[in-house]
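Written out below as structure tokens is the structure these notes cover.
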Amino acid sequence: MKQVRPKKNLGQHFLTDLNIAKQIADTVDACPEIPVLEVGPGMGVMTQYLVEKPRPFKVVEIDRESVAYLQEHFPRLHNNIIGGDFLRMDLQEIFDGQQFVLTGNYPYDISSQIFFKMLDNKDLIPCCTGMIQREVALRMASQPGNKQYGILSVLIQAWYHVEYLFTVEPGVFNPPPKVQSAVIRMTRNDVTDLGCDEQLFRRVVKTVFNQRRKMLRVSLRQIFNGDHPASQAFLEDSMMTRRPEQLSIAEFVELTNKVEKELFTNTK
């Protein structure tokens, strides 16, 4: 069978450097023994190394041409190639409810969506590795006070330890992307309870970073409706003069609890 043609609408950039492919595949070794799921294997440049690891292994691929290629070239994977959209899958069904490592050379245009799905299944995915756009990787690993620090930084680091492993140049892909790539690894931390309402935490983080240049007392007004505006005491809290990139995750938890208390007071 001929090689798979990279499809622009699927954001496909096939890695051609075997040394880098093996390095990425080996990042899953930080979480040994549990199964591995590779997203978007394409023609299997990483798959060839992952399939050799002594643990259950499956791939999920949305591109029918790639699925046919994998079926022909990786007969050992015959019953472990899932043709479909990862973002629409029930991840509990992949390994019958068993935890697994998520890895892949992720399509740049949906990498954030993949990681939000990981967060929705954080108890199922103790480790996630792979290659993404360097700019996104920097955001995910960024600390408070940096311009890259944002929504992904806070929401992911609340539950995972993020490691920026190495940078990958465009020339090792077909076709070469217009940006640099990076390999990351995320490993679940010890947090089992944030200490605040998790859904409200997400809402607060997204709300304030959508107006990241404004003080919290300005951006948080969106959470309170016209009938129940935030109180003057809430707006004059010393934390409200800060901007979102200045807050640690612990402070975002504190802020969420302040917002929840204010919402409860306003609706009594």
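The values are calculated or read from the model by the stated rules, or taken from the named source; none is laboratory data. All figures in this text were calculated on a predicted structure; none of them were measured in a lab. Cβ atoms come from the backbone with ideal geometry, glycine included; neighbour counts cover every protein chain shown. Just the protein is used for accessible areas: all its heavy atoms, side chains included, with ligands, DNA and RNA removed. Shrake-Rupley method; radii C 1.70, N 1.55, O 1.52, S 1.80 Å.
Summary table below
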{"quantity": "Helix axis angle, 249-267 relative to the chain longest principal axis, alpha carbon, degrees", "calculated": "50"}
{"quantity": "Descending semi-axes in Å of region 167-206, equivalent ellipsoid built from Cα gyration tensor", "calculated": "36, 15, 6"}
{"quantity": "Solvent-accessible area, 1.4 Å probe, carbon plus sulfur percent, for the chain", "calculated": "47"}
{"quantity": "Karplus (6.51, -1.76, 1.60) ³J(HN,Hα), θ = phi - 60°, over region 167-174, in Hz, Gly and Pro reported as x", "calculated": "9, 10, 7, x, x, 9, 10, 10"}
{"quantity": "Semi-axis lengths, Å, region 73-118, gyration tensor of Cα atoms, sqrt of 5 times eigenvalues", "calculated": "20, 15, 10"}
{"quantity": "Options (i) 18.1, 54; (ii) 17.4, 59; (iii) 20.9, 69 - which one matches Rg and Dmax of the Cα atoms in Å as calculated here", "calculated": "(iii)"}
{"quantity": "0 to 90° range, to nearest 10: angle between helix 198-209 axis and the chain longest Cα axis", "calculated": "80"}
{"quantity": "The chain - charge dipole about Cα centre, Lys and Arg +1 at Cβ, Asp and Glu -1, debye rounded to 20", "calculated": "940"}
{"quantity": "Karplus-derived 3J(HN,Hα), 6.51/-1.76/1.60, for each residue of region 140-151, Hz, glycine and proline x", "calculated": "5, 8, 5, 9, x, x, 9, 5, 7, 5, x, 4"}
{"quantity": "Charge dipole (debye, nearest 20) of region 1-145; +1 at Cβ of Lys and Arg, -1 at Cβ of Asp and Glu", "calculated": "360"}
{"quantity": "Principal axis dimensions, largest first and in whole angstrom, of region 144-268 by Cα", "calculated": "59, 31, 22"}
{"quantity": "Ratio of Rg to Rh over region 106-154 (Cα coordinates, Kirkwood Rh, two decimals)", "calculated": "0.97"}
{"quantity": "Folded to 0 to 90 degrees: helix 111-120 orientation relative to the chain principal axis, Cα", "calculated": "70"}
{"quantity": "Partnerless cysteines, meaning none of the other Cys C-beta atoms lie under 4.7 Å away, in the chain", "calculated": "128, 196"}
{"quantity": "Among 66-72, 103-109, the order from most to least packed when residues are scored by Cβ within 10 Å on average", "calculated": "103-109, 66-72"}
{"quantity": "Accessible surface, 1.4 Å probe, highest first, among residues 256, 192", "calculated": "192, 256"}
{"quantity": "Ranked by how many other beta carbons lie within 10 Å on average, peptides 141-147, 177-183 from highest", "calculated": "177-183, 141-147"}
{"quantity": "Average accessible area per residue (Å²) across the chain - probe 1.4 Å, nucleic acids and ligands excluded", "calculated": "49"}
{"quantity": "Cα gyration tensor shape of region 1-144, rounded if a/c is under 1.5, else prolate or oblate by comparing a/b with b/c", "calculated": "rounded"}
{"quantity": "Bins of 5 Å, starting at 0 and running to the largest distance - Cα pair percent for region 12-84", "calculated": "3, 17, 30, 26, 18, 6, 0"}
